[in-house]
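Let me begin by presenting the structure, written as structure tokens, before commenting on it.
The values are calculated or read from the model by the stated rules, or taken from the named source; none is laboratory data. What you are looking at is a predicted structure, and each value in this text was computed from that prediction instead of being measured. A quick note on method: Cβ atoms are made from the backbone with ideal geometry, for glycine too, and the neighbour counts reach across all protein chains shown. The protein model used for the area step is the full one, side chains on, heavy atoms only, and it has no ligands, DNA or RNA in it. Shrake-Rupley method; radii C 1.70, N 1.55, O 1.52, S 1.80 Å.
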Amino acid sequence: MKLLRVIPQNMLEGKNVFVRVDFNVPLEDGSVKDDTRIRKSLPTIKYLMEKGAKITLASHLGRPKGKKKPELSLAPVAKRLGELLGREVQFVDDCVGDKVKGKVESLKNGEVLLLENLRFHEGEEKNDEEFAKKLAEPFDVYVNDAFGTAHRAHASTYGMVKYFNVKGAGFLLEKEVHVLSEILDAPSHPFIVILGGAKVKDKIGIIRNLLDKADTFIIGGGMAYTFLKAKGEEIGNSIFDDKHFETVNDFLSQHPEKFLLPVDHIVVKDFDSLDGLSEKEKIENGYIGVDIGKKTAKIFGDKILEGKTIFWNGPMGVFERDELSKGTFAVAKSVRDATKNAAHTVIGGGDTVSAIHAAGYKDEDFTHVSTGGGATLEFLAGIELPGIKALK
Ligand code: AMP
């Protein structure tokens, strides 16, 4: 992968540089509710400004599915970015066509333009050839700084890249790849992988790829019930993944000593009403496991504190509900304490990042908070991400 810092200045100064960023931020009443993702792109944008590039930024926002949806416009992001940079960020209400070309051509060195939501065009997610070509047309240089979408072969992350001789990874993408490569290639031991959330499917790849490398897999959240069932435990009406049951069985039989599973649970009879909310070691018929119990939180916490490298993706329970957030918050605290004890801690996935913030922690309380969810999991599963492959 080429890096932005190795592109010579004479290939940036006065050149039209297309930068794929991840500005998929939450909006509320027409303004940006959380600008974390915008802030994370600032080093790349500022660097290009210093080098005298003419900078055009492009991103997706939400899931407009090829339709122009005013509530998913990136216009509020241009305003917020302008405030953060302390200078005007121009905006154009499309991402391809003559209007965009005109705007790009009128940029002066160091000026910044933001294009409208890429996914207002169907061609973006379909990686349509014509669309990719049109997107690339006005530009001399391609930079990708959107790690969160690097696992998608879309027009802006993959299809358009072949039209550029000069291309590179922005500083955010570079950092993500560096931190995650370190985990894959040379983790300090004990190396502990904490996985939770609802879906087993998304985490099969990472378990398989790290099965020999990691010392312990701590499994919580909804996905733990498929593991517990494989060990012959009763799981009541807890979520269960039939399709991946056999794979889970294989993992457990290959390395039974590596898997740490919940020993008690917060259970309910009904997700919505929380009827029957209680803490149980055995899940009876009619009950659903919705969070790890106190004993489990203690066992998980003790193990986490032994770790030298810790990766965490997925909440331990339905943490969006206050009553069911204690297990996830306890794990957040343990990972935070491990960081204080000099463990290398990496957190990935939108839900997990929301959970650490809801627990009162900041990104700086951990070694690295990844901007990727699916991208992080696929990277650690050993899959070459299309957005990275395209830069090679
Ligand atoms: P995932 O996308 O697979 O990481 O799943 C994240 C979601 O899993 C969150 O919205 C949680 O509310 C949900 N979740 C966590 N624990 C459970 C559980 N025991 N049962 C059902 N959903 C859960």
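Note on segment 1-77 and segment 145-183: Cα centroid distance 13 Å, given to the nearest whole angstrom. Note on I383 and L184: their simple-model spin labels are 1.2 nm apart, each label 7 Å out from Cα toward Cβ. Net length available on complete extension from K298 to K282 is 4.0 nm, with 0.36 nm assigned per residue and the Cα-Cα distance removed. Both numbers refer to the Cα atoms of the chain; Rg and Dmax are 22.6, 69 Å.
Straight-distance candidates among the aspartates and glutamates for linking to K201, with alpha-carbon spacing under 13 Å and chain neighbours fewer than 8 residues away dropped: D241, D242, E246, E378. The mean accessible area for residues of segment 73-212, using a 1.4 Å probe and ignoring ligands and nucleic acids, is 40 Å² per residue. The lysines whose alpha-carbon is closer than 17 Å to the alpha-carbon of K65, local same-chain residues fewer than 8 away aside, are K126. Full extension of the chain between K126 and D29 gives 31.9 nm of extra length, using 0.36 nm per residue less the Cα-Cα distance. The stretch between D242 and K213, if pulled fully straight at 0.36 nm per residue, gains 7.8 nm over its current Cα-Cα span. Take the Cα of R321, step 7 Å toward its Cβ, do the same at E234, and the gap between the two points is 2.1 nm. Which pairs, out of K40/K134; K203/K303; K51/K162; K2/K51, put more than 22 Å between their alpha-carbon atoms? Over 22 Å apart, Cα to Cα: K40/K134; K51/K162. For K282, the aspartates and glutamates whose Cα falls under 16 Å of its own Cα, not counting residues fewer than eight places away in the same chain, are E233, E234, D264, D291.
Each helix, a run of at least 4 DSSP H residues, gives -39500 (n - 2.57); summed and divided by the residues of the chain, these come to -10000 deg cm²/dmol at 222 nm.
Pairwise inverse Cα distances across segment 286-360, averaged and inverted, put the Kirkwood hydrodynamic radius at 12.4 Å.
Of all DSSP bridge pairs formed entirely within the chain, close to 20 percent run antiparallel.
Across the chain, C-alpha contacts under 8 Å between residues 6 or more apart give a mean separation that, scaled by the residue count, equals a relative contact order of 16 percent.
Given a 1.4 angstrom probe, I'd like the percentage of the accessible area of segment 4-172 that is carbon and sulfur, rounded to a whole number.
45 percent
Taking label positions 7 Å along the Cα-Cβ direction at both K162 and L84, the computed distance is 3.3 nm, reported to one decimal.
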